[in-house]
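Reading through the structure tokens given below for one structure.
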Amino acid sequence: MDLVCKQLDCDSERTNATESFVAEIFWKMLVETSKKVSHEATKIGLAFGKPPFPDEQEMRSLCITMELSVLALVSVFYGLPKEQGLTLRKQVKLAVQDIVKSVGGLSREVQGKSLNGDKFQFLVGSIWECCERVQNLSKDNISAVSKVVSMNKELIDDAYDELQGAIQKAVDMKNDGEQVFDSDEEEDEEKWRSDEVDVAVAARGLVKVSQYCFKKAVEVVKTAKEASTSNLDAISRAAESVSAIVDVFVSYLYPPMNKRLMMETVAVVAEQLKMFLTALKGSDSYTEDCKKWMECLENSINHNAAQVENVTGKSRLG
């Protein structure tokens, strides 16, 4: 199973697909083979649930049957053409890998005869859960990309809310006459200085622009046509890149604030956001009506990035 997992990792573009690919047949086979894996795991769970346990020959037979069902599942996956969308293919591959890893864990447990009851039931349950998730996978690239964009939008929203909460707490302390940060006290590394609050407020604006970009991205993807597969994949990759760099950017803001690394990241955030917008422009659902909000977002990115640099520069001088 480890070898199968490595092959899935290293050979993401491999495909046994033909020109006669039919989506309905593919999904039916994928679900059926995943159910077969789940069924074989159940058989092992029952066989090793309590003594007397199967002898070595029976144990080997059960494991081989389960592993053969996994190979059948992997074979079905390779029937998904990359032309159906790399985001969709990646989603299915990850789901299949989870099943392969879970089955590998159960096989090692059984063959090693380390039959810890709780751990054994946990491993069988993990296979069931992984197999059930196959039924809830996106069935086309639009849905897969939409899921990626929405998931990363939630991460951006969470980052903004947490930053906003920290800023509000610091502002409330300042308004109440409390000292926000005393550099002479080591424990106060958990708090911002007054000038750092200003930097965090400026940075919040750039995170807010990221939110608006994702909001528009959700709308664009929902109205896209399946024919724009490569562009949809570009949007998906850009969404993940933006989410990752915004997370890094925000992490540098929290006390003790790392202004140097934060400043180095501002330009990267702005660049990734612009690449995100460029990907949205390439969508077939991007029309003349979209140009106004696109221009507004591009200007907002530049303005807020410059604002962060300006406020941070003054903070350093102060």
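When L106, L62 are checked against the criterion of being modelled with pLDDT under 95, over 18 Å from C130 (Cα atoms) and of a type in the set (A, V, I, L, M), a single residue qualifies: L62. Of all residues in segment 272-293, those being assigned to a helix (DSSP H, G or I) and open to solvent by less than 60 Å² (accessible area, probe 1.4 Å) number 8. Here P256 fulfils each of the conditions (1) in a helix (DSSP H, G or I); (2) open to solvent by 40 Å² or more (accessible area, probe 1.4 Å) apart from (1).
Determine whether S69 is touching a Phe, Trp or Tyr at 6+ places or on another chain (Cβ under 6 Å), modelled with pLDDT of 95 or more, farther than 28 Å from S230 by Cα and part of a helix (DSSP H, G or I). It is false that S69 is touching a Phe, Trp or Tyr at 6+ places or on another chain (Cβ under 6 Å), modelled with pLDDT of 95 or more, farther than 28 Å from S230 by Cα and part of a helix (DSSP H, G or I).
Restricting attention to segment 36-60, the residues that are in a helix (DSSP H, G or I), surrounded by fewer than 16 Cβ atoms within 10 Å (Cβ to Cβ) and out of contact with any Pro (no Cβ under 8 Å at 6 or more places or on another chain) total 8.
Of the candidates V269, V218, the single residue that is part of a helix (DSSP H, G or I), in contact with a helix residue (DSSP H, G or I) (Cβ under 6 Å, 6 or more places away or on another chain) and surrounded by fewer than 21 Cβ atoms within 10 Å (Cβ to Cβ) is V218. Consider segment 83-98 and keep the residues that are over 20 Å from W128 (Cβ atoms) and of a type in the set (A, V, I, L, M). The one that is most open to solvent (accessible area, probe 1.4 Å) is L86. Considering every residue within segment 121-133, establish whether at least one is among the basic types (K, R) and touching a residue at least 24 places away in the same chain (Cβ under 8 Å). Yes, there is a match, as at least one residue in segment 121-133 is among the basic types (K, R) and touching a residue at least 24 places away in the same chain (Cβ under 8 Å).
The values are calculated or read from the model by the stated rules, or taken from the named source; none is laboratory data. Bear in mind the structure is a predicted one, so any value in this text is a computation, not a measurement. Reconstructed Cβ throughout: ideal geometry from the backbone, glycine too, with neighbour counts over all protein chains shown. Ligands, DNA and RNA are stripped out before the accessible areas are found, and what is left, the full protein with its side chains, is counted by its heavy atoms. Shrake-Rupley method; radii C 1.70, N 1.55, O 1.52, S 1.80 Å.
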